[in-house]
Amino acid sequence: MSFAVNFNQVCKNFGDFKAVQNINLTVKKGELFTLLGPSGCGKTTLLRMIAGFNPIDSGEISFDDKVINNIPAHKRNIGMVFQNYAIFPHMTVFDNVAYGLKARGISKDEINKRVNETLAMVRMEGLEDRSPQQLSGGQQQRVALARAIVIEPDVLLMDEPLSNLDAKLRVEMRTTIKKLQESLGITTIYVTHDQEEALAISDRIGVMKGGILQQIDTPEEIYRCPANDFVADFIGTSNFIESELIESNGDICLNILDSEIPVVLKEEYIGKVRTSLRPEHVYLTDSEESTLKGEIQLVTFLGDYTNYEILLGNGQIIQANEYTKDMIDFRSVGDKVGIRIYSDRINLFGESGEVALI
Ligand SMILES: Nc1ncnc2c1ncn2[C@@H]1O[C@H](COP(=O)(O)OP(=O)(O)O)[C@@H](O)[C@H]1O
Ligand SMILES: [Mg+2]
């Protein structure tokens, strides 16, 4: 049985320090929801509150309609996977996975069946008798995953489960987790500081900073329409350019690097703003074709695309990406280029960066 997880004004303080502040959120039944944010922003604290390891200072967490604040950890039927595997070193793979079932007094035959089925799901069949020391990091994490799901948890919590794996294994394991989660339909709350991992794996993401949820949305929306400059900076790469909204012949225009681009805003705003622009939305042209110009300072070829650092007239350096499949000529250091910016490919924030204007 899977539940929706509701957070209503959830807070956690350590002394005077506000680790988690006023979280309001519904993680839908069967969803893979990721809490994403830099180290120290309160992700683990919030996860431990769901698990019952940290008391909830104020507010409520509920599974569907049932408030769980006062239900002890061992009665919450939660599966957990941690960064450091936390599998028992003195037990075989089989016994590690069987542990939670034995504790629930399930019959031996049923335990055999469920452990074997679950080990097959994580592609660990045939390794039942190994001890954890005889397994690679990736295999140990598969055992940890099997142990968490074999109990058929109502909610699965994962705290940076891939951090200790090398890059290739991380990609492989995140695919395993996503497929398994989808096929089992377990409501899953996944914690990471790795934005690429979050984009790849999640149905929705909650971006956290300083104990506060900054934005809750699908990966695509968070990338395309970040709610503030923190999110724009943390997810993917953004160029930030100081610019100004002005009125020009009755239209609102963005004055950016001495170019005027008409823009349509959510609400009226005149004055200094921060424009953020993804490197793939900085379009390079011949230098004669554009009033906006720069000079290439660094070329980094990355296989499927090339990243350029471009020095603008105002002394600022911005990044531009060109995809190999779209490239006509290779550009070189010292080349003068024109730059084209489209109003529907930028994000605009108020001067302090906290409000999205577009
Ligand atoms: N038991 C604790 N006592 C005091 N401060 C804590 C405790 N646990 C976490 N913190 C603080 O709360 C903040 C959030 O920590 P944490 O939730 O572990 O962050 P994250 O998982 O996002 O890296 C950090 O500043 C951390 O030092
Ligand atoms: Mg943490």
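The values are calculated or read from the model by the stated rules, or taken from the named source; none is laboratory data. Everything quoted here is computed from the prediction, not taken from an experiment. Cβ atoms come from the backbone with ideal geometry, glycine included; neighbour counts cover every protein chain shown. Heads up: the accessible areas ignore ligands, DNA and RNA and are worked out on the full protein's heavy atoms, side chains in. Shrake-Rupley method; radii C 1.70, N 1.55, O 1.52, S 1.80 Å.
In this structure, Ala86 does satisfy being surrounded by fewer than 17 Cβ atoms within 10 Å (Cβ to Cβ), closer than 30 Å to Phe234 by Cβ and within 16 Å of ligand 2 (Cβ to nearest atom).
Looking only at residues in the stretch 57-68 that are out of contact with any strand residue (DSSP E or B) (no Cβ under 6 Å at 6 or more places or on another chain) and not in a strand (DSSP E or B), the one that is most open to solvent (accessible area, probe 1.4 Å) is Asp65. When Ser276, Ser332 are checked against the criterion of being open to solvent by less than 80 Å² (accessible area, probe 1.4 Å), touching a Phe, Trp or Tyr at 6+ places or on another chain (Cβ under 7 Å) and modelled with pLDDT of 95 or more, Ser276 stands alone in meeting it. Might you let me know whether the stretch 30-44 holds any residue that is of a type in the set (Ser, Thr, Tyr), in a helix (DSSP H, G or I), within 16 Å of ligand 1 (Cβ to nearest atom) and closer than 28 Å to Gly206 by Cβ? There is at least one residue in the stretch 30-44 that is of a type in the set (Ser, Thr, Tyr), in a helix (DSSP H, G or I), within 16 Å of ligand 1 (Cβ to nearest atom) and closer than 28 Å to Gly206 by Cβ. The residue pairs whose first member lies in the stretch 79-104 and is closer than 15 Å to Val191 by Cβ, whose second member is modelled with pLDDT under 95 and open to solvent by 50 Å² or more (accessible area, probe 1.4 Å), and whose beta carbons are closer than 7 Å, counting only pairs six or more residues apart or on different chains, are Gln83/Asn164; Asn84/Asn164. Identify the residue in the stretch 105-143 that is outside any loop (DSSP other than H, G, I, E, B), out of contact with any helix residue (DSSP H, G or I) (no Cβ under 8 Å at 6 or more places or on another chain) and of a type outside the set (Asp, Glu) and, among all such residues, is surrounded by the fewest Cβ atoms within 10 Å (Cβ to Cβ). Within the stretch 105-143, the match that is surrounded by the fewest Cβ atoms within 10 Å (Cβ to Cβ) is Gln133. One residue is enough: does the stretch 283-300 have a residue meeting the conditions surrounded by 12 or more Cβ atoms within 10 Å (Cβ to Cβ), of a type in the set (Lys, Arg) and modelled with pLDDT under 95? Scanning the stretch 283-300 turns up at least one residue that is surrounded by 12 or more Cβ atoms within 10 Å (Cβ to Cβ), of a type in the set (Lys, Arg) and modelled with pLDDT under 95. When the stretch 20-43 is filtered for residues that are surrounded by fewer than 20 Cβ atoms within 10 Å (Cβ to Cβ), within 13 Å of ligand 2 (Cβ to nearest atom) and either of a type in the set (Asp, Glu) or touching a residue at least 40 places away in the same chain (Cβ under 8 Å) (or both), the ones remaining, listed by number, are Pro38, Ser39. Residue count for the stretch 71-104 satisfying the condition of being under 33 Å from the mean Cα position of the chain (by Cα) and outside any helix (DSSP H, G or I): 16. Selection within the stretch 152-192: residues that are hydroxyl-bearing (Ser, Thr, Tyr) and within 16 Å of ligand 1 (Cβ to nearest atom). The member of this set that is farthest from Gly79 (Cα to Cα) is Ser163.
Considering Val207, Val231, the condition of being within 16 Å of ligand 2 (Cβ to nearest atom), surrounded by 17 or more Cβ atoms within 10 Å (Cβ to Cβ) and of a type in the set (A, V, I, L, M) is satisfied by Val207 alone.
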